[in-house]
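The structure appears below as structure tokens.
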Amino acid sequence: MENMKKIINFLILAIIFCLPGYLVRFNIFNIPTTFLEMLIYLTFVLTIYQNISNKIKISNYLFVPMILFIAGGAIGVFISPEKQIALGQFKACIFDPIIFLYIFISSQSDRNQIKISAIVNTLLASASLVALHAIWQKISGQATIDNRVVGIFGYSPNYLAMYLAPIAVFAISYLFNNYIKDKKVTFTVWFNAFAIILIMMALYFSGSRAGIGIVILCVMLNVIVLYWKQINSNKIYQAIFYLFIICVLIGSWWMIKPNYNLSPETGGRITASNNIRWEIWNTSMKILVTNNNWLWGVGLGNYQNYFTNFTKGWVNYDEYISPNALTAHNVYLQTWFNLGIIGLIAFIWIIYKYFKKIDKSLIYLPLLLTMVCLLLYGLVDTIYWKNDLSIFFWLLLALPIIYKENNA
């Protein structure tokens, strides 16, 4: 049984490393699946076998809101006119992540825990390979027309940024906090630092203002929390802190504010991106108050179709806005549209339970800041509703269970 536990832990790390493995797609008995999904199911079967043999009991602090989240997903599938797409999203973004949560929690016994450092290193190794590919794209001139790189994701630079940014925050916070504690520079520290540099380079080349800005903000928050006593005891430091907060608020508004007086040709990509996002957000709110959509949503996988039909014939929408409305560009709105008000409540409840699970110990700071990164990023992009990001989100939810006892 000890060998089986080691195999399962190895497969869990393999799943974490292969988060972008959902890009490898194929069919089994005409059912679409991915390499990442098959890896999860294999590990699930072995975990079930281990749990039956050892009669392991599972304690899950997320059980009630998780059931509600699944119920929202079932409603989303039921009301969606695109049943195949809806079932695919339910499987990839609800069923698979929760299966992974079960695997992770049930396999981590007191004598058989994956080291947190191993999880950080695995995430960094995965993100580093993704970053190296993106950097090579930049060097070899394989950038988009606006000089951004998309990495292995092949569609949007934002997908690259959404994968790299939360991993960067988690790794930087973990490395910084442990270095401050241990004051030792080891090979692992050098590896982590080099990997983080690669990730930040790729993030910069992605051109994602949200990704770059949120990583910088979370790193600054990490420093502020660690040195809060010194800041709070010095008036000059306090003044600098309040100035920092004001700059963040002004800078955030400046980054996302629309300017309808400028055309995309005059204002450039940033103006066009901001204007389109604001139009999508405004229209999304109009959709929510139509036909009880606030209650049931519009169905999993049906957002763009509903948006396109709702705005058909509107000025500039058919040409410029609807093609960019793949999602609501906001994780809370998208969850609302996908799962209805039940799913949105469950999602917020899950996040609340997560923060409640984390105590005030600085040991938990990397987990806290990584979730803050996801929640802030979710204001301007759909950070959850993607195969790799949904697994990462539920991994983050699982970590408080083992983190404090295993912070090594």
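Which ones in the range 201-236 are among the polar types (S, T, N, Q), assigned to a helix (DSSP H, G or I) and in contact (Cβ under 8 Å) with a residue 40 or more places away in the chain? Residues satisfying the conditions are Ser206, Asn222. Give Ile85, Ile119, Ile114 a once-over and let me know the one that is buried (at least 16 other Cβ atoms within 10 Å of the Cβ) and within 30 Å of Tyr306 (Cα to Cα). Result: Ile85 is the single residue among Ile85, Ile119, Ile114 that is buried (at least 16 other Cβ atoms within 10 Å of the Cβ) and within 30 Å of Tyr306 (Cα to Cα).
Checked against (1) part of a loop (DSSP other than H, G, I, E, B); (2) at pLDDT 90 or above; (3) at negative phi; (4) not charged (D, E, K, R), His329 passes all but condition (3). Cβ-Cβ contacts under 8 Å between residues 6 or more apart (or on different chains), taken from a first residue in the range 26-44 that is surrounded by 10 or more Cβ atoms within 10 Å (Cβ to Cβ) to a second residue that is in a loop (DSSP other than H, G, I, E, B) and not hydroxyl-bearing (Ser, Thr, Tyr), are listed as Thr34/Val24; Phe35/Cys18; Phe35/Val24; Leu36/Cys18; Leu36/Val24; Leu39/Cys18.
Return yes or no: is Ile119 of a type in the set (A, V, I, L, M, F, W, C), in contact (Cβ under 8 Å) with a residue 24 or more places away in the chain and not in a helix (DSSP H, G or I)? Against the criterion (of a type in the set (A, V, I, L, M, F, W, C), in contact (Cβ under 8 Å) with a residue 24 or more places away in the chain and not in a helix (DSSP H, G or I)), Ile119 does not qualify. Among residues of the range 1-14 that are polar (S, T, N, Q), those with a Cβ under 7 angstrom from a residue that is surrounded by 19 or more Cβ atoms within 10 Å (Cβ to Cβ), sequence gap 6+ or separate chain, pair up as Asn9/Ser107; Asn9/Ile114. Restricting the first member to the range 291-320 and to residues that are over 19 Å from Gly73 (Cβ atoms), and the second to residues that are part of a loop (DSSP other than H, G, I, E, B) and among the hydroxyl-bearing types (Ser, Thr, Tyr), the beta-carbon pairs closer than 9 Å and six or more apart or on different chains are Phe310/Thr290; Tyr317/Thr311; Asp318/Thr311. Please work out if Ile212 is at pLDDT 90 or above, among the β-branched types (Val, Ile, Thr) and loosely packed, with under 12 Cβ neighbours inside 10 Å. No: the conditions fail for Ile212. Among the residues of the range 65-79, none qualifies, meaning not one is touching a strand residue (DSSP E or B) at 6+ places or on another chain (Cβ under 8 Å), in a helix (DSSP H, G or I) and under 30 Å from Phe355 (Cβ atoms).
Got a sec? Which of Ile31, Ile40, Ile70 is farther than 19 Å from Ser107 by Cα and modelled with pLDDT of 95 or more? The unique qualifying residue is Ile70. Which residue is nearest to the chain's Cα centre (by Cα), if the candidates are limited to the range 307-326 and must be small (Gly, Ala, Ser) and part of a loop (DSSP other than H, G, I, E, B)? Ranking the candidates gives Ala325 first.
The values are calculated or read from the model by the stated rules, or taken from the named source; none is laboratory data. Source: prediction; values computed, not measured. Every residue, glycine as well, gets a Cβ built from its backbone with ideal geometry; the counts of neighbours run over all protein chains shown.
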